[in-house]
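The structure appears below as structure tokens.
The values are calculated or read from the model by the stated rules, or taken from the named source; none is laboratory data. All values reported here derive from a predicted model rather than from experimental measurement. So basically every Cβ, Gly included, is an ideal-geometry build from the backbone, and we count neighbours across all protein chains shown.
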Amino acid sequence: MPQGKPYLIFKYLGLSFQLFAVIGLGTALGWYIQQKSQMKFPVWLLLFCFLSIVAAFYHLYVSMKKDEMDERKDKKH
């Protein structure tokens, strides 16, 4: 953790909860649709699980890029 920025731990803690929530909700939605469709192969569960993982990591990537840009901006000033 960078010196002088103790608030970053809360930011990254929040990001971890967001990742968990997005993946959990996507998987739960896939499971629900899978139960309603009564298909034998869990296509909806796998699809929503995969899509929620992709969405969560995309959000993480965008957030990290934004932090990197902010860090560069702070170094210039």
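Couple of notes before you dig in:
- Evaluated against (1) in contact with a Gly (Cβ under 8 Å, 6 or more places away or on another chain); (2) outside any helix (DSSP H, G or I); (3) not hydrophobic (A, V, I, L, M, F, W, C), residue 52 falls short on exactly one condition, (2).
- If you filter the stretch 45-77 down to residues that are surrounded by 14 or more Cβ atoms within 10 Å (Cβ to Cβ) and within 11 Å of residue 19 (Cα to Cα), you find that the one that is nearest to the chain's Cα centre (by Cα) is 56.
- Within the stretch 11-44, restricting attention to residues that are charged (D, E, K, R) and over 18 Å from the mean Cα position of the chain (by Cα), the residue that is farthest from residue 56 (Cα to Cα) is 40.
- Any hit, the stretch 6-24, residues being closer than 25 Å to residue 75 by Cα and either assigned to a loop (DSSP other than H, G, I, E, B) or at pLDDT 95 or above (or both): yes
- A residue that is in a helix (DSSP H, G or I), in contact (Cβ under 8 Å) with a residue 24 or more places away in the chain and under 25 Å from residue 9 (Cβ atoms) can be found somewhere in the stretch 25-37.
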